[in-house]
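Below is one structure; the comments refer to it alone.
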Amino acid sequence: MRWGMAIELKRCIGCYECVLACKAEHFLPPDIFWNRVLIGESGKYPTVTKLIYNVRCNHCADPPCVKVCPTGATQQREDGIVWVDEDKCVGCRYCMIACPYQMRSMYEDDSKEYFPGQGLTEHEKVGRELYPHKPGVVQKCVFCKERIDSGMAAGLTPGVDREATPACVTSCPTKAIHFGDLDDPNSEINRVIKEKHGHPFHPEFGTDPSIYYID
Amino acid sequence: MVTQAKKPENNKPVLGLSVKGNPEIWDDTWVYTTCGGCYGQCAIRAHRVNGVIVKIDGDPDSDFGPRGGICAKGEAMIQAHYDPNRYNYPLRRTNPKKGLFEDPKWERISWDEALDEIAKRLKKIRAENPHKLLHGGTPGPGSGPDLPLGFGVFGAVFGTKNWYVGGAGLHCGSGSHMGAGLYHASWSIVPDFKYCNYALQMGSNKGTGSGHSMGFNMRLSADARSRGMKNVVFDPICNFGGGKATEWVPILPGTDGIVAMAMVNIILNELDVYDAEFIKMKTNGPYLIGPDGKYVRDKETDKPLVWDAKDNKAKTFNDPSIGDYAIFGEYEVNGVKCYPSFQLLKEHVKQYSPEQAEKESTVPASTVRRIAQEWVDAAMIGATIEIEGEKLPFRPVAAIMFRGGQGHTNSAHSYIAMCLLNAIVGAMDVPGGTLGWPAYVEGYPDTGRFRMIPYACKDGMLTAGSFMEHRPWPIEDSQVPYTTLMKELTPTASFSPHPVTSDFDKYWDKLGRPYEIELAMIFGANMIRSTQSREIADEFWKKIPFIVTFNILPNEFCEGYADIVLPDLHPLEAYCLFGTHGPFFNHPIGMEGWDFPVRQPVVQPAYERRNKLEVLWDLADRLGMREEMNNYYNVYFTSFGGEALIGGDIDSIRHLGDIDPKKVVQLIKPDEKITYDEMMDRALKFYFGDEHGLEYTLNNGPVKWPKKVHEAYWRWYVDVRIPIYMEHIAELKENVMKNAEKAGIELDWEQFTPLTSYFTPQVGKEISDEFDLYSFSYRDILHNGTYTMEMPWLDEVSRLNPYTYNITMNAAMAEKKGLKDGDLICLESPYGRKTTGTLQTMQGQHPQTVAISACSGAWAKGAPIAYGKGTNFNILLESDFKHACPVCWSQETAATVKVYKIDHRIEFDGAGGDKL
């Protein structure tokens, strides 16, 4: 089993819900993002195309971040998900340098409030109960592993059943993101990648990313 | 009545939520409700965990939205609800001074004190002259039907006609609503994404912006793109609409109309292609026009005459014996020479050459020609399609326009010009073509209720079964202005910038100043930042003796001008009946199902916040108005129940006396003091049956049923016509001019012509060597109105986006002017209005333009996240007749500017917050 994504760039409108769904799902602190929307342009006036790329940790099959982690905090599961054990991470940030996609963030200051100087809201407080973040560690997208694990334990299928599927995938209003098992030749995601000529970004980095893009 | 906490089963993990460790979870509940991120009102499910709202998901089973997805604004609603800066108690202003940057020095008061004071003032006004009350606001994103059901009804029963809403077209457009109402019995138009092959957008962000029906538009347009639908977008900027186009065509603001006219010219006169059957049967193309520009009418019946080419004689337009409608030729009828209006139109458009269009708009003539050819090729005139066993005309092309295209002083004609593109190929409310939001609802199968059928009215023209704000057809007679909005002068106007204009006093003086506005009640709005020209608005609002606002969050208007602020409920803690004013407003198009999402609180309202409808009823009790209001609600609900008793427009409320009381179902007894949720429960049961009350929706989600083909694509199922020749404008002109004189109003009378024409917009007239750039604003998907900048998540991603908080210019033009990325620049209009911001250059922008997304630049001290972020574009606009369309009164939403570097943000001088 190898979890992966395929993102249809034509469908995406750059609404940022993938970014905020993730922030909501994990009660991410201010200025921390586990996925991003990159906006750019291609061409010269008047023949111009707008570029919109939703990017996150690629959960590479050959992840350099795992190799460089001195404490073993950054590790890869059997299903390909790369995650950081925050109890083992010492915040050296070697992984941040090693990642050629620059998809990791250092979380430093747990005193930051969404409404600075006005205390934590009820929402932020419940977040610290449901999904606390340890300061001084590196964090990143985890393909909503908690949702996947609890979903599968209940007999649900990630990529098919909402509750077992990453939040950014289910929240996308244009259904631009597919999620599924790259190891299963018959999976929907493999069909989409094949039919629509999906390709990862920067294959020359040689890390074998698990996220494909469809033009 | 908030959904009870559902505890997760023992030892079972919570599903659909990322949880770390093993925290105690005693509440894991999903609540069906509607989003309040914009006025799309998508059906959602909100996730509440341990009493706190943690997630917003689209309802995966509802067509009323993205089916499981949601946009960022919807997700960020959570933060607005929990914003510590919210208004929680009624407040009274203790600082008597009012102005842009005044500190209100709020004093907390009780509800009784607040309502006693308001009621006392209202009683006095009502006894003297109820028109002294001005009520309204810009479309609050969470308001939904509270607008007409609450404020509209209150004001109408109170007796005032000073209903000021919609920002006079700044947010949408009088031209759009006039035109979509006239041509589609709808509030706006969108391509039939499921079947359309070639969509043309002119100043529209359908599927990529915000506003009514944003949710399903996002979903359906993504499917269409994936399928390979071509989408040509005319837009000065390549950002949202342009950014998802298959072809982006840069164009100068306000010139879309001439491009459309040139295309119509090429199609009719060079390619000689048109859908003859559509023109003959579905338009006033065959109606005979006399030398006075008006219909030649049958002397006995007064019906417009047409020429039957088979029988070779004139007949009334709906004579069943007509063999063939002539759409060409010269005829003599009733002793006058006359022509079918289509003949006149075809001749008239010859003056609009692609070369002329290029000169005015900068769109190359070759592009105009090519797109016109592609249009007719894709239109497939004569083609049919079978859908669910019904054979229908298939016209897979759609031309649509929304705010940008018609937000200029040539608004009405620009919009109609674009509609002509659809009309001449028959692509209106048929598969693949341009669809209005649903105008035809047969009703819930079990009850036959919630019905709305368009029908033919005066002169056989289409009119809506139900509408709002104005009656699209027949238009009213012109009257000498007696409201401060004055739009009764020109009944083709749906919104009016008056009285918040720089020239209002001149006209009101001439009319003898019949009365003054003494009290304003404004809901969910920001009447100083969300509307044009804060300097002009400041002059107006400062003078109003007493202003009451209903708001969730502090904003510039409350702080600067409100005397009493009443704490409103956030959509996440409120009831609201339906997410709609009517299907014509925001229901899913085409064969998407009928769906009636209902809003209910996810959490109990906190502090002393109250539902504004119940507050209005409380006031109504104090004024002895409750019985009348209850009667209105009964009429309103009944009229959707089978007979169009009322048009749904505000004005029809005033004719309650004309309605046969036997036809009205008494859902609410005259003296009953019900709550909002009780009213909702009764209305839902009335429409959908006793088993489908509020409790049903709470547990099961919205009532739904499938749409029928003839509801989705009603055009050929209803015997109605549309005016491709605007005869009613010719009829109207004389009286409008006469009545205008009484008020000393001079409008651009040239535009009162029945033949769609191009007029250079005011912004185009103000271009000079010094003020050489067109500045405009556009909808950003991250924002709606002026309150979204206060939500930290939206603020965060706005700061990451290269354009949202910046001012953009074409890279080459910026270089020419010695400007570069990151410069702090000032935009100054010929009227001395100034606004500033950070420059970001783009390739995807017309060189002669400067663009600002949304309307940021907040200065309210009570909204600290939004303060100083982004730029307020509206500062640059003027507000007067000179800058409004004479026919539909839509505002000129572009301004000419000169651009230069500046050292600080001058428009914040005196704002009192952080130095910027």
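The values are calculated or read from the model by the stated rules, or taken from the named source; none is laboratory data. A quick note: this is a predicted structure, and the numbers were derived from the prediction, not measured. No Cβ is skipped: glycine too gets one built from the backbone with ideal geometry, and neighbour counts run over all protein chains shown. Each accessible area value is taken on the protein alone, full model and side chains, heavy atoms only, with ligands, DNA and RNA left out. Shrake-Rupley method; radii C 1.70, N 1.55, O 1.52, S 1.80 Å.
Candidate cross-link partners of residue B:230 among the aspartates and glutamates, defined by an alpha-carbon separation under 12 Å and a same-chain spacing of 8 or more, comprise B:247, B:374.
Sorting the Cα pairs of the range B:443-595 by distance into bins of 5 Å, from 0 upward, gives 2, 7, 12, 14, 14, 15, 14, 11, 8, 3, 1, 0 percent per bin.
For the peptide B:17-25, the mean number of other protein chain Cβ atoms found within 10 angstrom of a residue's Cβ is 6. Computed over the range B:266-329, the alpha-carbon pair-distance distribution with 5 angstrom bins reads 4, 18, 25, 24, 15, 9, 3, 1, 0, each value a whole percent.
Once you order the gyration tensor axes a ≥ b ≥ c over the Cα atoms, which shape class does the range B:343-412 get: rounded for a/c under 1.5, otherwise prolate or oblate by comparing a/b with b/c? Verdict is prolate for the range B:343-412. The length gained on full extension between residue B:128 and residue B:677, counted as 0.36 nm times the residue separation minus their Cα-Cα distance, comes to 194.2 nm.
In terms of the ratio Rg/(2.2 N^0.38 Å) built on C-alpha atoms, what value belongs to the range B:667-754?
Ratio of Rg to 2.2 N^0.38 Å for the range B:667-754: 2.00.
Here, the protein assembly as shown has an Rg and a Dmax of 29.0, 100 Å when only alpha carbons are counted. Classified by the C-alpha gyration tensor, the range B:321-379 has an oblate form. Its axis ratio a/c, with a ≥ b ≥ c, is 1.5 or above, and a/b does not exceed b/c. Separation of the range A:1-78 from the range B:36-68 is 24 Å, based on Cα centroids.
Annotation: peptides A:16-28, B:870-882, B:249-261, B:752-764, ranked by per-residue average of other Cβ atoms within 10 Å with the highest first, follow the order B:249-261, A:16-28, B:870-882, B:752-764.
With all protein chains present, how much of the accessible area of chain A (probe radius 1.4 Å) comes from carbon and sulfur, to the nearest whole percent? Answer for chain A: carbon and sulfur cover 52 percent of the accessible area. Note on residue B:823: accessible area approximately 10 square angstrom, rounded to 10, probe 1.4 Å, nucleic acids and ligands left out.
Over the range B:552-613, the ratio between the Cα radius of gyration and 2.2 N^0.38 Å evaluates to 1.49. Take B:735-741, B:409-415, B:276-282 and order them by the average number of nearby Cβ atoms within 10 Å per residue, most first; the result is B:409-415, B:276-282, B:735-741. Note: the range B:758-916, Cα convex hull, 128 Å³ per residue.
State the percent of C-alpha pairs, over all pairs in the range B:346-468, separated by a distance greater than 19 angstrom. Roughly 64 percent, once rounded to a whole number.
Projection of the Cα convex hull of chain B, averaged over all directions and equal to a quarter of that hull's surface, yields 36.9 nm². Just so you know, the Cα atoms of chain A work out to an Rg and Dmax of 17.6, 53 Å.
The range B:276-342 and the range B:807-839 have Cα centres separated by 55 Å. Residues within the reach of a label modelled at residue B:88 (point 7 angstrom out along Cα to beta-carbon, backbone nitrogen below 19 Å), restricted to the range B:784-808, are B:791-792. Expressed as a fraction of 2.2 N^0.38 Å, the value expected for a compact globular protein of N residues, the C-alpha radius of gyration of the range B:417-474 is 1.31.
Gyration tensor over the Cα atoms of the range A:87-215: the corresponding equivalent ellipsoid has semi-axes (square roots of 5 times the eigenvalues, largest first) of 31, 21, 14 Å. Ellipticity at 222 nm from helices only: DSSP H runs of n ≥ 4 in chain B, each -39500 (n - 2.57), divided by the residue count, give -7500 deg cm²/dmol. Entry for the range A:1-118 at q = 0.12, 0.19 Å⁻¹: log10 I(q)/I(0) = -0.57, -1.17, Debye formula applied to identical alpha-carbon scatterers, no solvent contribution. Here the label points at residue A:78 and residue B:666, each 7 Å from Cα along the C-beta direction, are separated by 7.2 nm in the simple model.
Each label was represented as a point 7 Å from its Cα along the Cα-to-Cβ direction; for residue A:154 and residue A:205 these points are 3.3 nm apart. Partner shielding of A:21-34 amounts to 4, given as the average count of beta-carbon atoms from other chains within 10 Å of each residue beta-carbon. Counts of other chain beta carbons within 10 angstrom of each beta carbon in peptide A:116-123 average 5.
Other residues whose C-beta falls under 12 angstrom from the C-beta of residue B:456 contribute a net charge of +2, scoring Lys and Arg +1 and Asp and Glu -1.
At a Förster radius of 60 Å, what calculated FRET efficiency corresponds to the Cβ-Cβ distance of residue B:109 and residue B:270, to the nearest 0.05?
0.30
Phi-derived couplings, Karplus 6.51 cos²θ - 1.76 cosθ + 1.60 at θ = phi - 60°, listed residue by residue for the range A:159-172: x, 10, 8, 3, 5, 9, 10, x, 4, 5, 5, 6, 7, 5 Hz, with x used for Gly and Pro. Computed extension gain for residue B:12 through residue B:690, at 0.36 nm per residue and net of the alpha carbon distance, reaches 240.5 nm. Classify the range B:715-769 as rounded, prolate or oblate from the Cα gyration tensor: take a ≥ b ≥ c as the square roots of its eigenvalues, call it rounded if a/c is under 1.5, otherwise prolate when a/b beats b/c and oblate if not. Oblate, since a/c reaches 1.5 and b/c is not below a/b. With R₀ set to 51 Å, the beta-carbon distance separating residue A:66 from residue B:247 gives a calculated FRET efficiency near 0.70. Over 25 Å between Cα atoms: which of B:310/B:350; B:282/B:882; B:206/B:346; B:282/B:708; B:506/B:861; B:132/B:669 fall into that group? Over 25 Å apart, Cα to Cα: B:310/B:350; B:282/B:882; B:206/B:346; B:506/B:861; B:132/B:669. Using equal-weight Cα scatterers in the Debye expression, the normalised intensity of the range B:34-118 in log10 at q = 0.18, 0.19 Å⁻¹ is -0.82, -0.85.
Heavy atoms of chains B and A lose about 5400 Å² of accessible surface on contact, summed over both sides with a 1.4 Å probe. Extension gain for the segment residue B:377 to residue B:299, taken as residue separation times 0.36 nm less the Cα-Cα distance, is 23.8 nm to one decimal. Give me D for the range B:399-449 in µm² s⁻¹, whole number, from Stokes-Einstein with Rh from the Kirkwood sum over alpha-carbon pairs, 37 °C and 0.692 mPa s. So the translational diffusion coefficient is about 254 µm²/s. Using all pairs of distinct alpha-carbon atoms, the Kirkwood hydrodynamic radius of the range B:243-390 works out to 17.4 angstrom. The calculated FRET efficiency for the pair residue B:742 and residue A:109, based on their C-beta separation and a Förster distance of 51 Å, comes to about 0.15. Take the Cα of residue B:705, step 7 Å toward its Cβ, do the same at residue B:328, and the gap between the two points is 4.8 nm.
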